[in-house]
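First comes the structure, then the notes that go with it.
What follows is calculated from the coordinates using simple rules that are stated; it is not laboratory data. Just so it is clear, the model here is predicted, and its values are computed rather than measured. Because the Cβ atoms are built from the backbone with ideal geometry, glycine has one as well, and the counts that use them run over all protein chains shown.
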Amino acid sequence: MRISHWTAGVSALALLTACNAAEDTALESDAMPAETAATETMADAETASMEETESDRLNAWFQDVFDRNVARSPMTQTYLGMKTNYDQWSDASPEYAQEGFELGQADLAHMQATFDFDALDDSAQLSWRLFEYNAERAQEAQRWNDHGYTFTPRSGPHMNAASFLINNHRVDTAEDAQAYIGRLRNLPTYLDQNIANSRRSAELGVLTPQWTYEPMIATARNIISGAPFDDGEASPLLADFTGKVEALDIDDADKARLISEAEAALTEAVAPAYGRVIALFEEQAEVATEDDGVWKHPDGGEFYNFLLNGYTTMDLSAEEIHQLGVSEVARIHDEMRGIMEQVGYEGSLQDFFEFMRTDEQFYYPNTDEGRAEYLAEATSLIDTMTETLPQMFNTFPRAELEVRRVEIFRQDAAGKAFYQRPAPNGSRPGVYYANLRDMSLMPTYQMEALAYHEGSPGHHMQLAIMQELEGIPAFRRFGGYTAYTEGWGLYTEFLPKEFGFYSDPYSDFGRLAMELWRACRLVVDTGLHYHQWTRQEAIDYLSENTPNPLGDSIAAIDRYIVYPGQATAYKIGMLEILRLRGIAEEALGEAYDIRDFHDVVLTQGAMPLSVLEERVNAWVASEQP
């Protein structure tokens, strides 16, 4: 199956595998006569052993499925910190994707025929249900093969291949360096497969809007600019390779040889392959239209509904999501007016937005010194938060968290900020990436909320903890559902306020501004892809309703156009987590502990929101006297 990022909330691994969690139940026999209690306790123990055995069998099979799928994907192996097939790229052909789909459907049939659902413990039953959910999504996605965008200005093999080598291909030995060279030599096959995928989509009439091609061409050219392609400074890949090789404890002659081989691979293999990518972009730019929404594609309305359902994991129509966004925007605007009164600002909300956009007190200088100050302050915010986490949580990740700047070669195409998961083997920390290309787009009043969302207690707490869970098969630890993951991230922007953070009213305004941004996403995403808004209409909506600078609005709309539906998951997920928390607080009263609620949300890994609701309800019932 090739839906690119259109897997719509279910990760590629999750589509091919299933999920599991661990939760035991206790049996009570206090009121029984001693003999009866002893007899039934033995029977219960035997039954529990049988259930555990069946659950263990299922979990072991899940692990086998995960291992098989990982073995099919050299890039996944590298993401997981492994060095097998270290000179290879994953197969991007439709034949490989179809084989993966068929394996997944066969796995589902095998599970249903081989294991006894009623003999499983609660966690294994949850795994079973999630496996079925993922398999059903994969089946539905078959209809939409080739409807997704292979290349976009925000992501795609033309930029991800370079970032993959730079950020994930570790070079600890000369052999690792040789494998890096092998990957450079083998890159043309990977890129050519993706070129073919894009051409198939184009034959269906699926093309990104005309404006997308210029930035895609620029990104591709950035990869092959500089030495050894021309007389400039070292290109991104050569600079990365040289730095990694120079750090090795090997002879200078061996270093020189490896660098020379890499230069040859770059000029002989990588440059021509990127030339073909650029030629594809130029060719498609000639025939692409200026229409922005997926409504323009064959059965575009149904495709968009499929995406919304997947990303939100809820059965909400585009119009319902649109109207929810409109109401949330109005609510947050009212809260912002309260901040205006608090700081003594006189004028309209729009005037206040302009003040926040332009006043120098809210921005670091657009210099290397200003960028260094931003990174230092973001690190300090996370360090302070780390000290407070025990008031909020019982469970903590072992992996470290670092703050880094987005690499220069991809900063023009990358988002404002994002999180990269740690390597499961501990070889790479979790990373909060801040895009410091233009400091006017990174206001200080948003620093807190951004650090909490992308770092801690946001994505690092959720994703790192999920990877480290014990008793849960690997495929579950590396899967995900966008509404759950991003809903958690947005929820954790709000959470620190309840513990005394955002003491500066401008910083609290920044929190509201970021929540407002996600509420506006509900409006503009459905506006673009359901109501057939133009790109400019969507940009104007963000500009008029948020304090973000125009550059933010343009970059955001450009993202929502090529990732239809994805942006709706954040606010939907946050609202659902808050709703479920409210139910728990009201039902449990004084017995409620937010740390226990967070355990319920986090310690089983990612899941659809409907399943999370079931977990919270079960926990509440178990805690009530």
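Please give the FRET efficiency for L204 paired with D359, using the beta carbon to beta carbon distance and R0 = 56 Å, rounded to the nearest 0.05. The pair L204/D359 has a calculated efficiency of 0.70.
Once the convex hull of all Cα atoms in the range 491-532 is built, its volume per residue stands at 53 Å³.
Look at where the Cα atoms of the range 479-555 and of the range 55-105 average out, and the two centres are 35 Å apart.
Using a simple spin-label model with pseudo-atoms 7 Å out from Cα toward Cβ, E302 and W211 lie 3.0 nm apart.
Rounded to the nearest 20, the Cβ-based charge dipole of the range 302-574 about its Cα centre (Lys and Arg +1, Asp and Glu -1) stands at 1020 debye. Computed from the Cβ-Cβ distance with R0 of 45 Å, the FRET efficiency linking R337 to A279 stands at 0.25.
Stretching the chain fully between Q532 and A196 yields a gain of 118.1 nm (0.36 nm per residue, less the alpha carbon separation).
Taking the Cα-to-Cβ direction at R404 and at A60 and moving 7 Å from each Cα, how far apart do the two end points lie in nm? Simple spin-label model gives 3.9 nm for this pair. Here's the picture: charge each Lys and Arg Cβ at +1 and each Asp and Glu Cβ at -1 in the chain, and of A399, V277, L588 the one pushed furthest to the positive end of that dipole is V277.
The modelled label-to-label distance between S503 and A234, using points 7 Å beyond Cα along the C-beta direction, is 4.5 nm. Ranking of Y560, Y570, Y304 by neighbouring Cβ atoms within 10 Å, starting from the fewest: Y304, Y560, Y570. Annotation note: GluC sites (Glu not before Pro) in the range 174-258 located in DSSP loop regions with a Cβ neighbour count of at most 15 within 10 Å are E233. Based on C-alpha pairs under 8 angstrom that are at least 6 apart in sequence, the range 91-230 has a relative contact order of 36 percent. Between the alpha-carbon centres of the range 278-309 and the range 592-614 there is a gap of 37 Å.
Here is how the number arises for the chain: DSSP H runs of 4 or more residues each give -39500 (n - 2.57), the sum is divided by the residue count, and the result at 222 nm is -19500 deg cm²/dmol. Length gained on full extension, D383 to D251, computed as 0.36 nm times the residue gap minus the Cα-Cα distance: 43.5 nm. Multiplying the residue separation of E99 and S225 by 0.36 nm and removing their Cα-Cα distance gives an extension gain of 41.6 nm. Positive end of the dipole of the chain (Cβ unit charges, origin at the Cα centre): among P390, I195, M75, the Cα lying farthest that way belongs to I195. With contacts taken as Cα pairs under 8 Å and at least 6 residues apart, the chain reaches a relative contact order of 18 percent.
The Rg/Rh ratio of the range 390-527, with Rg taken over Cα atoms and Rh as the Kirkwood radius over Cα pairs, comes to 0.97. Here's the list of lysines a cross-link from K244 could span, going by alpha-carbon distance under 20 Å and ignoring same-chain residues fewer than 8 apart: K83, K255.
Judged by the mean number of other Cβ atoms found within 10 Å, the most tightly packed of the peptides 580-587, 473-480 leads the ranking 473-480, 580-587.
Can you tell me the FRET efficiency between Q624 and F117 if r is taken as the Cβ-Cβ distance and R0 is 30 Å, rounded to the nearest 0.05? According to the calculation, E is roughly 0.65. Taking the Kirkwood radius as Rh and the Cα radius of gyration as Rg, the chain has a ratio of Rg/Rh equal to 0.97.
Footprinting exposure proxy ranking of W144, W211, fewest other C-beta atoms within 10 angstrom first, gives W211, W144. About its Cα centre, the dipole of the range 151-259 is roughly 620 debye, where the only charges are +1 on Lys and Arg Cβ and -1 on Asp and Glu Cβ. The residue among L248, A218, V294 whose Cα reaches farthest toward the positive pole of the charge dipole of the range 207-308, with charges on the beta-carbon of Lys, Arg, Asp and Glu, is V294. Scoring 482-491, 103-112, 187-196, 60-69 by mean Cβ neighbours within 10 Å over their residues and listing the highest first yields 482-491, 187-196, 60-69, 103-112. What you get for the chain, charging only the Cβ of Lys and Arg (+1) and of Asp and Glu (-1), is a dipole of about 1680 debye around the Cα centre. Sorting F509, F306 from the fewest to the most surrounding beta carbons within 10 angstrom yields F306, F509.
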